[in-house]
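Accompanying notes for the structure given below.
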Amino acid sequence: MSWILFVTFFPLLFLGVPISFVLILSTIAYILAMGGDVSWLLVPSRVVRGMDSFLLMCLPFFVLAGNLMNNGGITERLIKLAQAFVGHIRGGLAMVNVMVCAFFGAVSGSAVAATSAVGSVMIPSMKKEGYPADFSAGLTAVASTMAPVIPPSLAFVLYGAVSRVPIGDLFVAGILPGILMAFALMSVVYVYAKRDNYPRLARVSWKGRLAAVKESILCLILPVFILGGITSGIFTPTEAAAMAALYAFVLSMFIYKTISWKQLPKIFLESAIDSGSVMLLVGTCYAFGWVLTNERVALRLTEALLAMDVTLWMKLALINFALLIVGMFMDSAPAIMLVGPILAPALSKMGVDPIVAGMIVCINLTIGLATPPVGVCLFSATNISKVPFEKVSKAALPFLAAMLGVLVIVTYVPWVSLVLVNLIR
């Protein structure tokens, strides 16, 4: 019955049908092809069971915390902090862009939100300072993909939920790869800045730097607060997400006073819509997962990988290539929900640590958010910069190459992902 997936899932996906409907329609088509051997109650029961998880309750709380912080003027504070420390370097404003995307990821965990929030400020500023518009947009699109890797990360929440890997460990494991991504992008920026003589900002005194740290320190406490609470066992990931939402509310409403009571209904509504779409996706993926389980897809893939007469190095290279292709055509959330349960047991059988496997899957699929032809972050940066999509895509290629270099390191040097996790255990 595997043929039914090819005649329903992939055509609907390429036609642009929302992924949740693609999954449901493919599941229904499979049941029809079974000739009535399966009860129709399976679909709603699986969808509800997929969403009925205490662990997944952290998703709406993290989304709400991110929206509260996004609307609370955090972007401007993070930009001032980054400018104070790296703005004086050749190409400093572009490096500020990278650092702000990293900081923003530590607050929101969303690549698309980072592209929109950071890009709307940084792309016009870089163009004003003399940076090419396509360079500015391409850099922002790729740099924003650090957001799902630097904790707290919605990608890690989803992967941990479907693959039964501790979310706290994934959060900690993502810290060093995220730092490596920022360093790799800033290195590429510096090469371009030296070659094309990009401008630099005035050096900020240490007094000014301390003032910038003081102004933004409360924003940067949030990821430390979340990680510390989870790793110390004070609260679960779901409780940590609730505390993060409360912290963001108090910070934006009563300390910074950047959000009014009139804005709250809109923020809550946007958070509910975003959370609802993700939870619907979770439920439909769970239903579709029954199809994959019934067809023994994970088992067949595991057996195929183990039977390949090639080295582990080559197997991992093939898996990375396949994931990058998937990431080009699917958003990271549904892709993680679909491939996580399939690849996790396969990689485990191959001797790959479950946490390293999570890093490989999530980093691959988040890089796809800025990879042509359908990278959603590229489209967002294109709309902001008013530059043709083709030019933005071309400008993004050197930065994508840098991200792929980090992916290679994470894939073949497990220490990068495990060193911090082992320290806290």
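Okay, here's what the table says:
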{"quantity": "Of M69, F225, P148, farthest towards positive along the dipole that unit charges on Lys, Arg, Asp, Glu beta carbons give region 41-424", "calculated": "M69"}
{"quantity": "Neighbour-count order for R203, R90, R195, fewest beta carbons within 10 angstrom listed first", "calculated": "R195, R203, R90"}
{"quantity": "For region 330-425, the spread of Cα positions along each principal axis, largest first, Å", "calculated": "48, 26, 22"}
{"quantity": "Distance from region 318-368 to region 15-31 (C-alpha centre basis), Å", "calculated": "21"}
{"quantity": "Of K127/K391; K80/K391; K128/K262, those spanning more than 22 Å from alpha-carbon to alpha-carbon", "calculated": "K80/K391; K128/K262"}
{"quantity": "Among L56, I363, V213 - extreme Cα towards positive end, dipole of the chain, charges at beta-carbon", "calculated": "V213"}
{"quantity": "Estimated dipole of the chain in Debye, rounded to 20 [Cβ of Lys and Arg +1, of Asp and Glu -1, Cα centre]", "calculated": "1300"}
{"quantity": "Semi-axis lengths (Å, descending) of the ellipsoid that matches the C-alpha gyration tensor of region 282-325", "calculated": "25, 14, 5"}
{"quantity": "Cα centroid separation - region 93-144 against region 214-248, whole Å", "calculated": "24"}
{"quantity": "Rg ratio (alpha-carbon, reference 2.2 N^0.38 Å) - region 195-310", "calculated": "1.75"}
{"quantity": "17 Å Cα-Cα reach of K266 towards lysines, excluding residues that sit fewer than 8 places from it in its own chain", "calculated": "K257"}
{"quantity": "If the convex hull is drawn through the Cα atoms of region 41-424, its volume per residue in Å³", "calculated": "139"}
{"quantity": "Convex hull projection area averaged over all views, region 37-93, Cα basis, nm²", "calculated": "7.7"}
{"quantity": "For C362, C219, order by how many other beta-carbon atoms lie within 10 Å, fewest first", "calculated": "C219, C362"}
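Rule-based calculations on the coordinates, nothing more; no lab input. Quick caveat, the model's predicted, so the values are computed rather than measured. As a convention, Cβ positions derive from the backbone with ideal geometry for all residues, glycine included, and neighbour counts pool all protein chains shown.
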